[in-house]
């Protein structure tokens, strides 16, 4: 027998209560019973997003929310700033280009943080810019970009500020209204503690004004259709929803409200701190710079002489601990430990123990127990 530990930045572990809620008998999505669940889910989402804005749920991965934001807000040849310092910043660039937007790409190395002043410079130069698109928590690198500072820069510009917080929401602060974030996106398989399959996003009044003039094609991902369906006397989805996932989301959001949003953010910060302390105690180097480290995932440079792909494989095959490797040009060069969602301190301790054993098996000099001890100290001192 081998017990499995899912320590990736998505999908993330799903609480038993959420799993069980999805096993309830199926209900029809055009009934008062479903409407009651759905309305409650939307209200709880607003709490997690920290917004009074409209919130919507689509049956898709987080990429669906990214596409929905582009398709609903803009028109062909609109000028948009898109920051790119990782895999998913690159995806935002691609989506915007596919939809025919004029992309002013701010490209950085993957271990660099987006500089808000670079955005300010472009906004000051061109009042015709219609949008600013930024990934808050870059899953591929663990980099956390300062969307609060960027929101202050964009608030008085006609452009709308679109934030990919797919890996951020539920792990780091996301104060949608206070920080002037016009569209915020998330996905179910991250901090929301669900299986993959749902994309969520919030839409501000400023974003709705942009949406009124959008001429890009959209049907399934139409925010107008979603709003009309929700504004009915009995709020619904415009198309058949994944009912069991919506039920599960309701249970997950209930758990999050019971824990408290402030406590959730502190828990993730503590898990991240302990993970970083553990890997550094083993003599390993963190990939992300100190000023750009988030709470969702810790990327670590693979030490010289170690096969990074084999490290990830041994962790999974031999020790039952699934971590993530690097993406694109970072394949084999970094590994990523997720500590997002339904994760606690003993998941971190187990993962560090498995990492120590794996490094030893690969012939890398490592002091067994040093990483675990460093993480334990963080937990005990807090």
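See the values below:
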| read-out | value |
| --- | --- |
| Residue-averaged 222 nm ellipticity for the chain, from DSSP H runs of 4+ at -39500 (n - 2.57), nearest 500 | -13000 deg cm²/dmol |
| With Cα atoms, 0 to 90° folded angle of helix 87-98 axis to the chain main axis | 30 degrees |
| Kirkwood-type radius of region 247-382, with distances r between different C-alpha atoms, in Å | 15.5 Å |
| Exposure proxy ranking, count of Cβ atoms within 10 Å, fewest first, for 110, 179 | 179, 110 |
| With Cα atoms, 0 to 90° folded angle of helix 261-281 axis to the chain main axis | 40 degrees |
| Cα shape, region 53-116, gyration tensor, a/c 1.5 rule | oblate |
| DSSP beta bridges in region 16-258 [antiparallel fraction, %, rounded to 5] | 40 percent |
| Kirkwood Rh, angstrom, region 88-223 [1 / mean 1/r, Cα pairs] | 15.5 Å |
| Calculated FRET efficiency for the pair residue 30/residue 329, C-beta based, R₀ 35 Å, to 0.05 | 0.15 |
| Exposure proxy order (Cβ contacts within 10 Å, fewest to most) of 261, 340, 270 | 261, 270, 340 |
| Tensor-based shape of region 321-382 (alpha-carbon gyration tensor, a/c under 1.5 rounded, otherwise prolate or oblate) | oblate |
| Distance between modelled label sites at residue 373 and residue 216, nm, 7 Å Cα→Cβ extension | 5.4 nm |
| Rounded Å value of the spacing that divides the Cα centres of region 28-63 and region 285-300 | 32 Å |
| Rounded to 10°, Cα long-axis angle of helix 308-317 versus longest principal axis of the chain | 90 degrees |
| Whole-angstrom gap from region 167-230 to region 91-146, using each part's C-alpha centre | 18 Å |
| Cα gyration tensor category, rounded, prolate or oblate, for region 181-324 with a/c compared to 1.5 | prolate |
| Candidates 111, 146, 317, ranked by Gaussian network fluctuation over the chain, Cα under 10 Å, top entry | 317 |
| Calculated Rg and Dmax of region 16-258 using C-alpha coordinates, Å | 17.4, 57 |
| Rounded to 5, percent antiparallel among DSSP beta bridges of region 126-210 | 40 percent |
| Top of 31, 139, 350 by mean-square fluctuation, Gaussian network on the chain, Cα under 10 Å | 31 |
| Sequence of 26, 357 once ranked by neighbouring C-beta atoms within 10 Å, starting from the fewest | 26, 357 |
| Label-to-label distance, nm, for residues given as residue 109 and residue 307 (7 Å Cα→Cβ offset) | 2.8 nm |
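Each value in this text was obtained by applying a stated rule to the coordinates, not by laboratory testing. As the structure is a prediction and not an experimental result, all values here were calculated from the model. No Cβ is skipped: glycine too gets one built from the backbone with ideal geometry, and neighbour counts run over all protein chains shown.
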